[in-house]
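Structure record follows, encoded as structure tokens.
The values are calculated or read from the model by the stated rules, or taken from the named source; none is laboratory data. Just so you know, these numbers come straight off a predicted model, no measurement behind them. Quick reminder, even Gly has a Cβ in these numbers, built from the backbone with ideal geometry, and neighbours come from all protein chains shown. Accessible surface is based on the protein model in full, side chains and every heavy atom, while ligands, DNA and RNA are left aside. Shrake-Rupley method; radii C 1.70, N 1.55, O 1.52, S 1.80 Å.
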Amino acid sequence: MRSGIVTKVISGDTVALDNGYTIVRYSNVWADQVPDALAAELRQLNERLVLGKEIRYTPSGHIHFDNISIVAEVYLGTTWINQALRYWLSEKLPRFSPVLNQEGGSAGQP
């Protein structure tokens, strides 16, 4: 397991660490797939959770399409950050249908 202090929150699922070159993307959070307003809230939550704090992370073995960030499972103390953010998103996402790209949409309705 690796560690570092979060010096910048890039998005709801991506942070930069204090060594100046490590960018960690939380696996299975997919902040870039949610609506902009929700993505902004997720980024703020991520900031409140980890900015300025030491995280521990285990790379998942995947390389993100940007070829820069390390996709990883991330922990702050005993809190699994990936899971905390996914739970938060699961409370928010039922209102949004990414398939229909609209609020409150359901399949089969115009």
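What to note about this one:
- Proximal charge balance of LEU51 [Cβ under 12 Å; K/R count +1, D/E count -1]: +1
- Accessible area per residue for region 1-80, computed on protein heavy atoms with a 1.4 Å probe, is 56 Å².
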